[in-house]
Amino acid sequence: MAINYELQVKMRSIFQNVTVYKNPSQNDFFKSLSIPSYLRDWIIMKFSDETGKIDIEEVKNYISKNLPSKKDWELLKSNMIKEGERVRFLAKVRVELDVQTGEGLFYLPDLGFPTRKYEAIVKSYVLKTYKEELLSNNETWGVIECEWSPIGINGREGNGAIYITDFKPFKPYKIDLDYYTEARKEFTTEEWVDILLLAVDYNPLGFLDLKQKITFLSRLLPFVEKRINIIELAPKGTGKSYLMSQISKYGWLVSGGSISRARLFYDLNRKTPGLFSRYDYVALDEIQTISFPDIDEIRGALKGYLESGEYRVGDYRGSGDAGLVLMGNILEDKMSENINMFTELPIAFQESALIDRFHGFIKGWDLPRMREEMKAEGWALNVEYFSEIMHAIRSDIIYPQIVDEILNIPRSADTRDVNAIKRICTGFLKLFFPHIKNINDLDKEEFMILCLKPAMEMRGIIKKQLHILDKEYNDAIPEITLK
C-alpha cells in the first residue's frame, strides 16, 4: 500500500538530510546479513541516489570490504599475522577489563573471536580515549583498527595477540533536538503519528485506526522515558522482538534462558556493572522461558531497582536509568484483563509487590500480526537518526514539568498509580508532542486522547491484575483530570 505522497514530500523538505527510502526487498537483503536496522539505514543513505535507490552490487562490495563475516575473519587474521598489515573494519565489539592484569580484552561476537583468553587486547591509549563508549555499553558498533604483535600480554614473544590500535564510535549524526522539535510544528498530529511509524519501519496504512497506532507506539515508551517499566503479552508475530532488538543500539534484548543478578545489576567477580546500568532499557523476551538461579535474590534486587533506580550488590551501590520490559506470548483464552494473565509470567514475577512496580501493560492482542503490507515502503526518517533522537530526549526535564502542571491529581490518589500515569504521559508527550515547551501551547483534547487516556488504561490493567493476584490491592485507579 502506497504511503501518503504529500506527507513524504513534506517530510523530505523538512528532514532532508536524515530521510531514507525504505524498500522491503532491500531490507530483506540487509536482514540476511544480520545487519540491524539502524546500521542498515545509514548504509542505504551512504549509497542511495536522489530517488533513494541503491546499487546492490556496490553495497555488497562495501559490506564485504568493511563489515567482515566469520568466513572473512581468517583472511584478515592472515593479513595481520603473515603480511604485517593493519586492518580496518566496522564491527560490533565488547570490551571487558581483566581484573588480574588491568588490560582491556575485546570480543567480536559476530566474528566468533577470540576463542582463547588474552588473544584480543585493546591498546591502553585507545581504552583511555574511548573509555565511555567501550566500557559503558555491553556491546558497541565502531570502526576498528587492528594489528598483530608477536608480544602478548605477558610481554614475551611467542604469546602473540591481536591489538585494537584505533577506534571510532559509530555515531554518524550530531543530534540537534531543537531542530527536531521545531520541525514537529510543521506537521499535524495525524501526520506525526504516521512519521513515527515509518521511522521504525512500519506502514501506517497497515493499522486500523489511531487507537491501534497509539498501542503500537506505546512500545517506544522505554526508548524516550527513563526507568519506565512495561509488561506486554501478545500473540506470536506482532513484531515486539523486532522493535526492541533492531531499532536502537541503546537497548538490550534477552531472549529466554537463565539470567542472573550479576548480569542484570553488578558482577562482583569481574567488578563490572550489569545491563541496567549500561542501557536505556532491558527487554526480557520470551518471558515464559526465562529463569533465575535465585528467585528470592532477584525479586529483592528488582523491587529496589524498579522503585528507585538504585541497587546494592555486596558492598557495591549502583544506579541505572534503564526501564524493564517483560514480553511474552499469550494464548487466546488468556487475552482478558479480567482474568489472571500473569500466570504466563515466570514464578519470580508472580508477586503483587513486584507487579505493582510496573507502570503499564500493553495489550498486544489489539495489534495486527506482521504482514507484508505493513512494511514501510517510501521515504521515512532514518532509523539511526530517530534512535539517537529518542535517546537524547530521555534527559529533557521540561516534559515531566508540563505533565505535572496539566494534571489534576486527587489528594487521596495512590502514589504509585500517580507516578505510573505521570511517567507514561511524559513518554507519550515526548513521542507525540516534542515541540511543546509550555503548557499554554498544548492542545488539551489531543493530550487527553494520545497521552492521558492510554496512560490510565495501561495502568488500569496493572491494577486489575494486582487485585486478582492479591485482594489487598484495589482495582480502581485515581480519577485524574486535566486542569
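Some observations on this one:
- Whichever residue in segment 272-283 is over 12 Å from the mean Cα position of the chain (by Cα) and assigned to a strand (DSSP E or B) and, among such residues, is nearest to Y311 (Cα to Cα): P273
- Out of L220, L243, L253, sole residue that is in the same structural domain as G318 (by TED's automatic domain parsing), closer than 29 Å to E372 by Cα and part of a strand (DSSP E or B): L253
- From the options V93, V18, V99, V9, residue that is of a type in the set (V, I, T), modelled with pLDDT of 85 or more and more than 23 Å from V200 (Cβ to Cβ): V93
- When the residues of segment 231-240 are filtered to those that are more than 13 Å from the chain's Cα centre (by Cα) and not in a loop (DSSP other than H, G, I, E, B), the one that is surrounded by the most Cβ atoms within 10 Å (Cβ to Cβ) is I231.
- Taking the criterion of being assigned to a strand (DSSP E or B) and under 14 Å from K71 (Cα atoms), the residues of segment 100-122 that qualify are L108, F113.
- Spans of helices (runs of 4 or more DSSP H) in segment 376-443 with at least 3 residues more than 22 Å from the chain's Cα centre (by Cα) and of a type outside the set (S, T, Y): 398-406, 415-432
- Unmet requirement for F358, which otherwise passes all of (1) touching a residue at least 40 places away in the same chain (Cβ under 8 Å); (2) in a helix (DSSP H, G or I); (3) of a type outside the set (V, I, T): (2)
Here's the yes/no breakdown for (1) closer than 21 Å to S241 by Cα; (2) acidic (D, E):
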site	(1), (2)
M335	yes, no
F342	yes, no
I355	no, no
H359	yes, no
L367	yes, no
E377	yes, yes
E388	yes, yes
I398	no, no
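- Total residues in segment 256-271 satisfying the condition of being in a loop (DSSP other than H, G, I, E, B) and surrounded by fewer than 20 Cβ atoms within 10 Å (Cβ to Cβ): the figure is 6.
- Matching entry among D110, D98, D72 (being closer than 28 Å to F30 by Cβ, surrounded by fewer than 16 Cβ atoms within 10 Å (Cβ to Cβ) and not hydrophobic (A, V, I, L, M, F, W, C)): D72
- Enumeration of residues in segment 463-483 that are part of a helix (DSSP H, G or I) and within 16 Å of H359 (Cα to Cα): K463, K464, Q465, L466, H467
- Here T289 fulfils each of the conditions (1) at pLDDT 90 or above; (2) touching a Phe, Trp or Tyr at 6+ places or on another chain (Cβ under 9 Å); (3) farther than 29 Å from V99 by Cα apart from (2).
- Yes/no for L210 being surrounded by fewer than 21 Cβ atoms within 10 Å (Cβ to Cβ) and either farther than 27 Å from G320 by Cα or assigned by TED's automatic domain parsing to the domain that holds M341 (or both): yes
The values are calculated or read from the model by the stated rules, or taken from the named source; none is laboratory data. If you're wondering where the values come from, they're calculated on a predicted model, not measured in any experiment. Here Cβ is always computed from backbone atoms with ideal geometry, including for glycine, and neighbour counts include all displayed protein chains.
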